[in-house]
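The values are calculated or read from the model by the stated rules, or taken from the named source; none is laboratory data. Please read these numbers as outputs of a predicted model, since none were measured by experiment. Neighbour counts run over all protein chains shown; Cβ positions are idealised from the backbone, glycine included.
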Amino acid sequence: MNFQFYLEELFASDEFKKFKKENKDAYLCSGFFSIDRQGKDNQQHLDFYIPSNKKMFSFQLEKGLEIVSLENYDERIPEKLKENFDFDFDKIENTIINKMKDENVNKQIQKLLLSLQSMEEKNFVIGTIFISGMGILKVTIDLTENKITNFEKKSFFDMFKVIKK
């Protein structure tokens, strides 16, 4: 699947057309994607910010289309994401797998939590990847250059050490 598919699906819906008609200044500011390799907990959320009333709404695509008002979000004004770029989730996963090989991480991906964001006018995918052996990968991918800019491996046990202190 690719990002553009979900965006086009949203833009074609009557609910979104009504939303855009009522909120002409609304813009895409983030996305959340959950890809579950062991179960069926796949999610796709596209978030829009309305500057005129300082509100944010999430369009949740996994159950048809559900619009949810986001109340507890960072009060900073989110940057606008480009709507004309495209990336493929399988390519993102393959990029992560290749980096795992480079870093000698010999585990299987169980679940990917991917957040699409814009910072300083650059688009990023920020990922938390759950891997076998109770491990977690923290990954940042620059979509402009299509490369990993941050890669960090942790385990659940690392988190327990922090809590103990």
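The residue list 46, 70 contains one member that is at pLDDT below 95, touching a strand residue (DSSP E or B) at 6+ places or on another chain (Cβ under 6 Å) and surrounded by 14 or more Cβ atoms within 10 Å (Cβ to Cβ), which is 70. Candidates 92, 97: the one that is part of a helix (DSSP H, G or I), surrounded by 15 or more Cβ atoms within 10 Å (Cβ to Cβ) and aliphatic (A, V, I, L, M) is 92.
Could you list all residues from region 21-43 that are more than 19 Å from residue 125 (Cβ to Cβ) and surrounded by 15 or more Cβ atoms within 10 Å (Cβ to Cβ)?
23, 26
State which residue is farthest from residue 116 (Cα to Cα) when the search covers only region 131-145 and only residues that are under 15 Å from the mean Cα position of the chain (by Cα) and surrounded by fewer than 19 Cβ atoms within 10 Å (Cβ to Cβ). Across region 131-145, the extreme among qualifying residues is 138.
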